[in-house]
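Trainee: My questions will all concern the structure given below.
The values are calculated or read from the model by the stated rules, or taken from the named source; none is laboratory data. Everything numeric in this text was worked out from a predicted model, so none of it was measured. Cβ atoms come from the backbone with ideal geometry, glycine included; neighbour counts cover every protein chain shown. Note: areas computed on protein heavy atoms with side chains; ligands, DNA, RNA excluded. Shrake-Rupley method; radii C 1.70, N 1.55, O 1.52, S 1.80 Å.
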Amino acid sequence: MTTAPPTGRRYRPPAPLGGRRRADSPAHRTAKAAAFLAPALIVLGAFTIWPMLSALRLSFTDASGFGDPEFIGLENYIGVFTDPDILNAVTNTALYTVLFTPVAVVAALGLALLLNNPRLPFRGFFRTALFVPFVVSFSVAAFAWSYLVDPQVGLLNYWLRGLGIQIGNVLEDPHLAMPMVVLVAVWKLFGFYFVIFLAGLQDIPTSVYEAARMDGAGAWSRLRNVTLPMLSNTMAFVLIFAMIAALQAFDQIYVMTGGGPYGSTQTLVMEIYESGFRKLDIGFASALSYVLLAATLLLSLAQFVFFGRKEKDLA
């Protein structure tokens, strides 16, 4: 005897764990996204956007940190372009940028090409050793180098005296102080650029090199016609970062020379510090900060345009 199936009831699959989920409306999804983003946006607004807007407002005033600032219009910006001390700082910053950027980029690229060779022994050790200086604080590195080049107790002068070379106190020499602080910056930062170039080199397909070898291209030809063109985006990124770092040079200069001797290492950021914290001319320092920001953005935009056109030509 067979049992008839129950009537009026349909089979329902079991509900998923946690119960059934209703589709979120667009407004609900937007609210959840805003809730997750709110902490980061609050921190960004409080510590980045609001200080930038406050500095922009102060750049049009005679703010000194005491009393109520008065609106003076473009007087601070006019002073930026007419003050002889600022002209000296611009010259020093340009010199620093010209010395630092090509040396750091070429050194990073050359070592990346060398350590990208899979047949090189101890590659991992050398890669780590070259990156370690980037992890060290700039101030700590500057203190260490100051003692290293000290004419009385510095190891560098001791070794050079053993070779019959006398360089004296390089940090007190107006002609050698700037190259010295640039050397410290190169030692500190080129490891970061080295890692970026190394990542760019490892993204180039090996099949491209194999095809170039089959066509009879030598090492120099592969570098000029394969490696460098395919590293154009990486090169643009590294150049922009290196130039921005050069325009913002401050830490090692403050620790090693304080802008001296005789103002030979007084850069724009050092001038901003002097104006804002020593001369208490906060309005002028704010105006100078925005001029430096505009110069940095223009240089970055020019590099983007240049490398963008170059990439189109290669395509």
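Trainee: Kindly indicate whether any position in the range 235-254 is without any contact (Cβ under 8 Å) to a residue 12 or more places away in the chain and of a type in the set (A, V, I, L, M, F, W, C). Outline the logic, then answer.
Mentor: Just the residues of the range 235-254 that are without any contact (Cβ under 8 Å) to a residue 12 or more places away in the chain, to begin with: none.
Within the range 235-254 (the criterion being without any contact (Cβ under 8 Å) to a residue 12 or more places away in the chain and of a type in the set (A, V, I, L, M, F, W, C)), the answer is no, since none of the residues qualifies.
Trainee: Could you pull out the residue among ALA40, ALA27, ALA35 that is within 28 Å of the chain's Cα centre (by Cα), among the aliphatic types (A, V, I, L, M), assigned to a helix (DSSP H, G or I) and exposed (fewer than 10 other Cβ atoms within 10 Å of the Cβ)?
Mentor: ALA40
Trainee: Do you know which residues across the range 244-273 are part of a helix (DSSP H, G or I) and closer than 20 Å to LEU87 by Cβ?
Mentor: The answer is ALA246, LEU247, ILE253, LEU268, VAL269, MET270, GLU271, ILE272, TYR273.
Trainee: Report whether or not ALA246 is modelled with pLDDT of 90 or more and under 26 Å from VAL195 (Cα atoms).
Mentor: Yes; evaluated as a whole, the condition is true for this residue.
Trainee: Right, next: So, ASP83, is that one at pLDDT below 90, acidic (Asp, Glu) and within 29 Å of VAL291 (Cβ to Cβ) or not?
Mentor: Working: at pLDDT below 90: yes; acidic (Asp, Glu): yes; within 29 Å of VAL291 (Cβ to Cβ): yes.
Judged against the criteria, ASP83 is a match.
Trainee: From the list LEU183, LEU113, LEU130, which residue is open to solvent by 30 Å² or more (accessible area, probe 1.4 Å), among the aliphatic types (A, V, I, L, M), closer than 27 Å to THR234 by Cα and in contact with a Ser or Thr (Cβ under 8 Å, 6 or more places away or on another chain)?
Mentor: Step by step, each of LEU183, LEU113, LEU130 is checked, and only LEU113 is open to solvent by 30 Å² or more (accessible area, probe 1.4 Å), among the aliphatic types (A, V, I, L, M), closer than 27 Å to THR234 by Cα and in contact with a Ser or Thr (Cβ under 8 Å, 6 or more places away or on another chain).
Trainee: Of everything in the range 98-110 that's small (Gly, Ala, Ser) and out of contact with any Gly (no Cβ under 9 Å at 6 or more places or on another chain), which residue is least open to solvent (accessible area, probe 1.4 Å)?
Mentor: Filtering the range 98-110 down to residues small (Gly, Ala, Ser) leaves 104, 107-108, 110.
Adding the requirement that they be out of contact with any Gly (no Cβ under 9 Å at 6 or more places or on another chain) leaves 104, 107, 110.
Details: ALA104: 0, ALA107: 36, GLY110: 38 Å².
Checking each candidate, the answer is ALA104.
Trainee: So, in the range 190-220, exactly how many residues are surrounded by 14 or more Cβ atoms within 10 Å (Cβ to Cβ), closer than 15 Å to PHE131 by Cβ and small (Gly, Ala, Ser)?
Mentor: Qualifying residue count for the region: 1.
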